[in-house]
Amino acid sequence: MPRRILVIDDEEAIREVTQVTLETFAGWIITTASSGREGIARAAQDPPDAILLDVMMPDMDGPSTFKELCQNPATRHIPVLFLTAKVQAADIEAFRNLGAKAVIAKPFDPMSLAHDVSKVLGWEPEAIQQVGGRR
Amino acid sequence: MIEERSESQDRLNILLLENDPADAELCLHELRRSGFDFRSELVQGQEEFCAKIESGNYDVILADYNLPGWSGAEAFEWLQGRNRDIPFILVTGAIGDEIAVECIKRGISDYVLKDRLARLPMAIRRALQEKALREERAQAERMLWERERRFHALMEHSADGIALLSAEGRILFTSHSENRILGYTAQERLGENALKLIHPDDQRRAGAIFREVARKDRNSVMVHLRYLARDGSWKWLECIATNLLNEPTVQGIVVNYRDISERKRAEEEIRRLNEELERRALERMKDEFVSVVSHELRTPLTAIRGALGLLATGKLCQPTQTCQRMVAVGVANADRLVRLVNDILDLERIQAGAIPMQKKVCQAGELMRQAADLMQVTAESHGVTLTVAPYSASLWADPDRIMQVLINLLNNAIKFSPPGSTVALRAERIDHEIRFEVKDEGRGIPAESLSRIFERFQQVDASDSREKGGTGLGLAICRSIVAQHGGRIWAESVLGRGSTFFFQLPEPGAELQDACKKGNESATQNSGH
């Protein structure tokens, strides 16, 4: 049974690249949501194995979305990884303190994204298809 | 005015000093005949005369010149000595002209010969009129004096200072307030040039304004300037200079001035606060800008880099060789753009102090080893040998940031080293500072470039950023980080033989040495487990 990941990001291009990357290299099943609100609804309806959550989104940002996910008994067990363009040490520290599993900096390398996510979540690396890449 | 002679009644009060009652009666008769309304008393001797004067209130004294034992002139002298202004007329038999002139000179109102008594009424009237005039003048003088006194009091108690200057600026007069405002006494600067003690920065302007005032009659100009007070401090004065050189009663340039040092200080404070507010607003705008740029640039870059990265893997389609090469160019340049954005944001934020250095006790040797480990792969790919000299010393620094500096310097050294050469990292303690040194055997840096390579976008060769993948900001970031640690960074180079980059950090202070020691101990204990 392949892993299921929910990607919450307001940028369509990022959603698409992330989806193709993870589907291609890890073979996971990816669903996407374009806002925090939509993401919370999807996660509650059909809880994924992990959530990749963008930090800066209009209306409801990543930290607010994360807090709400934590408050909902249906979603509070789902590990959340922040995807952020804010990569200052202080910012990363703040996200960790919120209880996020990890903080992945944008832009990310598609070759290593699936590997990084697996490593953080303790998923077996064999699941990731090793592709001869540049790095 | 004659009517004022007696306050209670219009009757004239006459004192007669005469030893011959018949002569006295003749006088009184003459007065009655002329219609005088009067009362009279007759005294003969000196004591009696004096007693009457002390006790009575007389409008006029008629006195004989020749009296037994003394004279009318002596009686008048006595009266003058008592400071009594009572019209005094000598009524006398023949006296010489010389005596008469002498008496008038001394202030006796008039003299009337006994055989010309018809003149007496007129002499009395004139004497009374003269006295009234004298009183009027005295009153006017009193008023004038009073006014002058008030004027002086005003000048003395005025908060403003007043100075009178000549056309050349010499001090002709200063009011007493100068003492309060500037500390000089009113007298001590008379004759000096007033412009002499103006602040050097205000001299030229004040001189030009003074000449402008002096040029034209009635010209008036206001100026703010700093003036040296007696205690050596500079006072801000607001001066209004008015040209009254042609005004006969003044004949000078009048300068009214007041101390506005407090006001200037307040204005300065307001200006400073405004600047501070502006600076903060700018800083906030800059922070917002940095944040927006950070997000807005990284988001499309993430998509571009991700999409190109996917293509480069060849997993999505089978590209031709040219296509692969083009995708590789895209990936490399997207990476370069990411580095550039990161470096710009990093530099801005370090310089603005927005990133506080997370200083802690750390081991210099450990940081050096870690940095070298991280750069080992890069060194190998360039065919460069990387060496680290073992070193042990404690640092009070942000280890991540110092690592960033070391990696940056090592990366530069490796990039510019020919294959087969060595890059050496070492450190030593010099004058209570720890000096790090990254030495390469590369092409070297021209002397004229050495001073500016730590500036932004100041690579030795413009093509470096393309060929070597640098952003032109690495050394600027290094300098900012080292500066935030209170240290300095510099480079030495010999063309064709290589360069050495140094940075030096202050040793931890005495109070931190203990903390460092403890840090060492716990590090040792930890490694023992």
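Values quoted throughout were computed directly from the atomic coordinates according to the rules given, and no laboratory measurement underlies them. A quick note: this is a predicted structure, and the numbers were derived from the prediction, not measured. Backbone-built Cβ (ideal geometry, glycine too); neighbour counts: all protein chains shown.
Tabulated results
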{"read-out": "Where only alpha carbons of region A:17-113 are counted, the Rg and the Dmax (Å)", "value": "13.0, 34"}
{"read-out": "Using a Förster distance of 45 Å, the FRET efficiency for A:M1-A:R37 (Cβ separation, nearest 0.05)", "value": "0.95"}
{"read-out": "Taking region B:45-122 and dividing mean pair separation by its residue count, relative contact order in percent (alpha carbons under 8 Å, at least six apart)", "value": "27"}
{"read-out": "Ranked list, fewest to most other Cβ atoms within 10 Å of each Cβ, for B:V43, A:V20, B:V221", "value": "B:V221, A:V20, B:V43"}
{"read-out": "Charge tally in the Cβ shell below 14 Å around B:R84, where Lys, Arg are +1 and Asp, Glu are -1, B:R84 excluded", "value": "-1"}
{"read-out": "Normalised alpha carbon radius of gyration of region B:277-351 [divisor 2.2 N^0.38 Å]", "value": "1.52"}
{"read-out": "Net lengthening on full extension, B:S34/B:R149 (0.36 nm per residue, minus Cα-Cα)", "value": "36.8 nm"}
{"read-out": "Among A:A105, A:A41, A:A13: highest mean-square fluctuation, GNM of chain A, C-alpha pairs under 10 Å", "value": "A:A13"}
{"read-out": "Estimated FRET transfer efficiency (B:E74, B:I240; beta-carbon r; R0 56 Å; 0.05)", "value": "0.35"}
{"read-out": "Convex hull projection area averaged over all views, region B:158-259, Cα basis, nm²", "value": "5.7"}
{"read-out": "Relative contact order, percent, region B:277-351 [alpha-carbon distance under 8 Å, six or more residues apart]", "value": "38"}
{"read-out": "For region B:311-321, 3J(HN,Hα) per residue [Karplus equation, 6.51 cos²θ - 1.76 cosθ + 1.60, θ = phi - 60°, Hz, x = Gly/Pro]", "value": "4, 4, 6, x, 6, 8, 7, 9, x, 6, 5"}
{"read-out": "Under 5 Å, built H, 5+ apart or other chain: amide partners of B:E433", "value": "B:E507"}
{"read-out": "Set B:K105/B:K131; B:K196/B:K235; A:K106/B:K415 screened for pairs whose C-alpha atoms are more than 20 Å apart", "value": "A:K106/B:K415"}
{"read-out": "Shielding score for A:15-26, defined as the mean number of other chain Cβ atoms within 10 Å", "value": "3"}
{"read-out": "Share, in percent, of DSSP beta bridges within chain B that are antiparallel, nearest 5", "value": "70"}
{"read-out": "Neighbour-count order for B:R119, B:R272, fewest beta carbons within 10 angstrom listed first", "value": "B:R272, B:R119"}
{"read-out": "Burial ranking of peptide ranges B:497-503, B:319-325 (average Cβ count within 10 Å, highest at the top)", "value": "B:497-503, B:319-325"}
{"read-out": "Cα→Cβ-extended label distance, 7 Å offset, between B:D373 and B:H176, nm", "value": "8.6"}
{"read-out": "Distance in nm between pseudo-label sites at A:I29 and B:E268 (7 Å out along the Cβ direction from Cα)", "value": "7.5"}
{"read-out": "Average Cα contact separation per residue, chain A, under 8 Å, 6 or more apart, as relative contact order %", "value": "24"}
{"read-out": "Mean ellipticity per residue at 222 nm, deg cm²/dmol - from DSSP H runs of n ≥ 4 across chain B, formula -39500 (n - 2.57)", "value": "-16500 deg cm²/dmol"}
{"read-out": "Burial ordering of B:F289, B:F416, fewest other beta-carbon atoms within 10 Å first", "value": "B:F289, B:F416"}
{"read-out": "In sequence order, calculated HN-Hα J values of region B:185-197 (Karplus, 6.51, -1.76, 1.60; Hz; x Gly/Pro)", "value": "7, 4, 8, 5, 10, 4, x, 6, 7, 5, 6, 4, 9"}
{"read-out": "Label point 7 Å beyond Cα of B:D160 along Cβ direction - residues of region B:237-272 with amide nitrogen under 18 Å", "value": "B:237-245, B:250-264"}
{"read-out": "Gained length - B:A22 relative to B:K196, 0.36 nm times residue gap less alpha-carbon distance", "value": "54.5 nm"}
{"read-out": "Integer Hz, Karplus 6.51/-1.76/1.60 couplings in order for region B:290-306, x for Gly and Pro", "value": "4, 5, 5, 4, 3, 6, 5, 7, 5, 4, x, 5, 4, 5, 4, 4, x"}
{"read-out": "Long-range amide H partners of A:I104 with built H, under 5 Å", "value": "A:F82, A:L83, A:T84"}
{"read-out": "Cβ-placed point charges (K, R +1; D, E -1), dipole of the protein assembly as shown about Cα centre in debye, nearest 20", "value": "3000"}
{"read-out": "Distance between modelled label sites at B:E141 and B:D115, nm, 7 Å Cα→Cβ extension", "value": "4.0"}
{"read-out": "Under DSSP loop assignment and at most 16 Cβ neighbours within 10 Å, longest GluC sites (Glu not before Pro)-free interval of chain B", "value": "B:193-454"}
{"read-out": "The protein assembly as shown - convex hull of the alpha-carbon atoms, volume per residue in Å³", "value": "375"}
{"read-out": "Region B:363-452, dipole about Cα centre (Lys/Arg Cβ +1, Asp/Glu Cβ -1), debye to the nearest 20", "value": "160"}
{"read-out": "Size-normalised alpha-carbon gyration radius of chain B, reference 2.2 N^0.38 Å", "value": "2.22"}
{"read-out": "Amide H within-cut-off set for B:I95, under 5 Å, with H built and near neighbours excluded", "value": "none"}
